[in-house]
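First the structure, in the form of structure tokens, and then the observations on it.
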Amino acid sequence: MKLESLLVSRDAALLAVLRPTLEKISVQIDVCPESQAGIGLLTKRKFDAVIIDCDDLQGASDVLRDLRKTPSNSKAVAFAVLNGKTTTQEAFRCGANFVLQKPLTPMHATRCFNAALNFMVRERRRYFRYSLEIPVRIKVANSPELTATSTNLSEGGMALRISGALVKDTVAAIRFTLPASNTALELKGQVAWTDATGCSGIRFVEVPQSSQYQLDKWLTERLQNEMPQHLMAHLSDS
């Protein structure tokens, strides 16, 4: 599994520096040469990092501002590439986490992305979803306890298949045991979505510290198994 980044730029020289730099740290780079298309892509796909050519691509500064408004990428690590028009302070105010200056050298790119790698790995862990089928007990106030089957699990929620109808925004008590664990996790979740096939999405809203620790530890171990060896230290540190 590689980390994923998006470069919003049409600067071939910039790409020539970034591609080998990112490849060395197992970061895949996709390129979008148009600002509007970049915004559209950010509303549809999740990226661990977004690199924006702010000064040499028309409308690119708007991409940086709009990035924080997209549900999937509001917390993605953002890199602003500047070329004498936008100041560093302005880039940070627009939402950049890191700033690169043109002409970009391989040495400066390597230093910047090595410094940012821990944040990128942390972002991957935050939205990492693990496919998992286990029984889940759900109890809504004044209703009998229901049994569901999970389809995936993340640190912030889970998706379920359930025969009994759940109502959107309902808060429920949830109980499940992770595979290879003898501890039942008990927490509260809110129904985020439902569909006609009996599937529902649960967003965790009240998680005891002990349950959060067990969940984070279990998910981190699964993510480590899917990531390149050199990224595992960053995952453990994050």
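For this structure, a couple of remarks:
- Bridging of Lys217 to lysines at a Cα separation below 20 Å is possible for Lys188, once same-chain residues fewer than 8 apart are set aside.
- Computed helical MRE - 222 nm, the chain, DSSP H runs ≥ 4 contributing -39500 (n - 2.57), nearest 500: -11000 deg cm²/dmol
- Taking other C-beta atoms within 10 angstrom as a stand-in for reagent exposure, Ser131, Ser26, Ser5 fall in the order Ser131, Ser26, Ser5, fewest first.
- Here the Karplus relation 6.51 cos²θ - 1.76 cosθ + 1.60, evaluated at θ = phi - 60°, turns the backbone of region 90-102 into coupling constants of 5, 5, 5, 5, 7, x, 5, 8, 9, 10, 10, 10, 7 Hz, with x for every Gly and Pro.
- With Cα atoms defining each centre, region 134-160 and region 210-227 are spaced 19 Å apart in the structure.
- Rounded FRET efficiency, nearest 0.05, which uses the C-beta distance separating Thr43 from Ser163 and R0 of 30 Å: 0.35
- Phi angles of region 12-20 translate, via the Karplus equation with coefficients 6.51, -1.76, 1.60 and θ = phi - 60°, into HN-Hα couplings of 5, 5, 5, 4, 5, 7, 6, 4, x Hz per residue; Gly and Pro are given as x.
- Under the Karplus curve 6.51 cos²θ - 1.76 cosθ + 1.60, θ = phi - 60°, whole-Hz ³J(HN,Hα) for region 35-52, x wherever Gly or Pro sits: 5, 5, 5, x, 4, x, 5, 5, 7, 10, 10, 9, 10, 7, 9, 10, 10, 10
- Centre-to-centre, using Cα atoms only, region 51-65 and region 94-124 are separated by 16 Å.
- Between helix 209-226 and the chain: long-axis angle, C-alpha atoms, 0 to 90°, nearest 10: 60
- Once the GluC sites (Glu not before Pro) in DSSP loops with at most 15 neighbouring Cβ atoms within 10 Å are cut out of the chain, the longest remaining piece is 1-132.
- Contact order for the chain, expressed relative to its length and based on alpha carbon pairs under 8 Å spaced 6+ residues apart, stands at 14 percent.
- For region 3-127, the gyration tensor built on C-alpha atoms gives a rounded shape. Its axis ratio a/c (a ≥ b ≥ c) stays under 1.5.
- Of the trypsin sites (Lys or Arg not before Pro) in region 72-123, the ones in a loop by DSSP (not H, G, I, E or B) with at most 10 other beta carbons within 10 Å are Lys85.
- Computed from Cα atoms, the angle from the helix 106-127 axis to the main principal axis of the chain rounds to 20 degrees.
- Lysine pairs meeting the criterion (Cα under 24 Å, 8 or more apart or interchain), as found in region 3-127: 9
Read the figures in this text as sums done on the coordinates, not as results from a lab. What you see is a predicted model; the values in this text were computed from it and never measured. Ideal geometry is used to build each Cβ from the backbone, glycine not excepted, and the neighbour counts take in all protein chains shown.
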